[in-house]
Amino acid sequence: TVDAVRRRDLDGRHVVVSAGGTHEALDPVRFLGNAASGLQGVALARAAALRGATVTLVAAHVTAALPAGVQVQRVSSTADLADTMTGLAGEADALVMAAAPADFTPARPSEGKIKKDGDAGLSIDLVQTTDVLATLSRHRPRPQTIVGFAAETAASADALVALGRAKLARKGCDLLVCNDVSGGAVFGRAENSVVIVSAEGVVGEAAGDKSVIAHRIWDAVVASEKEKDR
Ligand code: CTP
Ligand code: CA
């Protein structure tokens, strides 16, 4: 890692990293959200900047401190995130989807604040959001490395890798960082443990601080680019 920083192995590269969790508006004051903290995406942005990259961080409700020397674009919903990421794809050498986009959004967000109706309950119709990672992977405006994340509840390490490879194939991305979220252990914590897979299989593993994991992910991106050049 110290060596990668010293060599500035991402020098001249523009990388785009998404972080945080999106909010889908139910009405003007309420939303559907998730527990993503944005820490892994922030760590990825900081690590890439240290390795010499020009970095754009697309931040969805990230409350953690944002790294210096990184351009930040704030987004709210999955639709905003999709627009911003596709807008940046044309200038990106690498795109990393570390954000947790909401998978569903209200079919008809209410213009006014939703009111209680006597003692009746409430049902809200949801529709699926755009799959940002799959869209980016399918419509590449230039050669670039695209990295996704997968949060899975897996029974074993082998099962996690199998789920990861299937998801990578479905999304069409180059690398997928898989972590086991059984028990809700990851969210908001500094430490994590991941397996990085490509279409060929496992290409990296990392455990520990999210900054250590971030550097392992950039190592895998650099290695996969070298692989393609051959
Ligand atoms: N992702 C995305 N757009 C979405 C949903 C997910 O770009 N609307 C990205 C995430 O940022 C992540 C990857 O897809 O990099 C995998 O997210 P995950 O939630 O594990 O997979 P899903 O495809 O949403 O499938 P499911 O939640 O049903 O397992
Ligand atoms: Ca999802």
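Based on this model, can you work out whether Pro101 counts as surrounded by 10 or more Cβ atoms within 10 Å (Cβ to Cβ) and either within 16 Å of ligand 2 (Cβ to nearest atom) or acidic (Asp, Glu) (or both)? Yes, satisfied. For the stretch 142-165, a residue qualifies if it is within 16 Å of ligand 2 (Cβ to nearest atom) and either part of a loop (DSSP other than H, G, I, E, B) or more than 23 Å from Ala214 (Cα to Cα) (or both), and the qualifying residues are Thr153, Ala154.
The rows are residues; the columns are (1) away from ligand 2 (no atom under 16 Å from the Cβ); (2) closer than 28 Å to Ile213 by Cβ.
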| position | (1), (2) |
| --- | --- |
| Val55 | yes, yes |
| Met97 | no, yes |
| Thr105 | no, no |
| Gly121 | yes, no |
| Val127 | no, no |
| Thr130 | no, yes |
| Ala134 | no, yes |
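Across the stretch 132-162, the number of residues qualifying as loosely packed, with under 15 Cβ neighbours inside 10 Å and of a type in the set (Asp, Glu) comes to 1.
The set of residues from the stretch 86-136 being hydroxyl-bearing (Ser, Thr, Tyr) and touching a helix residue (DSSP H, G or I) at 6+ places or on another chain (Cβ under 6 Å) comprises Thr129, Thr130.
The single condition among (1) over 14 Å from the mean Cα position of the chain (by Cα); (2) surrounded by 13 or more Cβ atoms within 10 Å (Cβ to Cβ) that Lys116 does not satisfy is (2). Restricting attention to the stretch 88-141, the residues that are within 14 Å of ligand 1 (Cβ to nearest atom) and assigned to a loop (DSSP other than H, G, I, E, B) total 9.
Within the stretch 166-184, the only residue that satisfies the criterion of being assigned to a loop (DSSP other than H, G, I, E, B), within 15 Å of ligand 2 (Cβ to nearest atom) and either over 13 Å from the mean Cα position of the chain (by Cα) or at pLDDT below 95 (or both) is Val181.
Here the condition is being at positive phi and of a type outside the set (Phe, Trp, Tyr); of Gly90, Gly69, it holds for Gly69 alone. With respect to being away from ligand 2 (no atom under 16 Å from the Cβ), within 14 Å of Ala214 (Cβ to Cβ) and either in contact (Cβ under 8 Å) with a residue 12 or more places away in the chain or in contact with a helix residue (DSSP H, G or I) (Cβ under 6 Å, 6 or more places away or on another chain) (or both), Ala65 falls outside the description. Summed over the stretch 11-54, the residues that are over 15 Å from the mean Cα position of the chain (by Cα), under 18 Å from Val72 (Cβ atoms) and in a strand (DSSP E or B) give a count of 2.
The values are calculated or read from the model by the stated rules, or taken from the named source; none is laboratory data. Just so you know, these numbers come straight off a predicted model, no measurement behind them. We place every Cβ from the backbone using ideal geometry, glycine too, and count neighbours over all the protein chains shown.
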